Structure formats: structure tokens, C-alpha cells
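Taken together, the values in this text are just the output of simple stated rules run on the coordinates, not laboratory data. In this text, all values refer to a predicted model and were calculated from it rather than measured experimentally.
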Amino acid sequence: MATYVDSCAAKDTIVITTRSNIYELVVLRGDRGDVLVRGGRHFTEVTAVLFLGSLTDDGSVERHTIRLGLRMKFVCGNRFVITSPVQSVSCRSADAASNPNVSIQAP
């Protein structure tokens with residue numbers, strides 16, 4: 001299962017649990033991968049970053065995609081941040097009144 005950040009609307013929230021941490025992403029511009037992120041030891045405060053996508057086993061990046069079992073890759077300033085593997089994803093629309101939460105978990 002996958003979540004596509006470039007299909008999210010501005011202000012949609014995505015909560016990702018990895019093997020080591022919990023991350024909260026707020027989409028600014030999904031088509032560009034612009035998000036605010038908080039979580040883990042690298043993002044203790046809300047930080048504007050570029051979300052590149054998920055790292056596949058061969059090292060390529062699934063652009064703007066959050067996929068269960070894969071690591072996420074961000075650009076923050078002049079450094080890359082790579083997370084531990086994703087275990088679950090929960091999405092909340094900015095218009096939560098008309099769209100319920102959607103959760104995806106690894107089996």
C-alpha cells in the first residue's frame with residue numbers, strides 16, 4: 001500500500017509510524033514535495049523540508065510516495081534525512097468534516 005503526497009491537498013496531514021519514530025507531515029505543495037515535518041531526532045520542531053519519497057531496495061526513490069516497509073527520504077537544507085522503514089500511515093484531510101481518516105498498516 002502507498003500514500004501519494006502529490007495527490008494530497010494543501011494542509012492535509014499524514015502521520016507516519018516508522019520502526020523507530022512517529023512523523024507528522026503537513027502538505028504545503030504535494031506536487032513539489034513541499035511539507036512541514038515534525039518527529040524523530042532530526043525534526044524535533046516543525047521544519048519545512050522537501051519530501052523526496054520512499055527509498056526502494058535498489059536505492060532509487062519512489063517520488064513523493066510513502067510506501068509501507070520502505071524508508072522515507074527528505075532534504076533539509078543541505079542534508080538528506082532517511083528514516084527507518086515505514087510501519088503505518090494515517091491521512092487526515094484538511095477538510096476533515098467531509099473526509100474521514102484513512103489508515104494503512106503493515107501486515
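Let me have the relative contact order for the range 1-89, percent, based on Cα pairs under 8 Å that are six or more residues apart. Walk me through the intermediate numbers first.
Numbers: 225 pairs, mean separation 24.2, N = 89.
Relative contact order here is 27 percent.
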key: Convex hull volume per residue for the chain, taking Cα atoms only, in Å³   = 91
inquiry  = Need the C-alpha centroid separation for the range 35-52 versus the range 67-93, integer Å.
reply    = 10
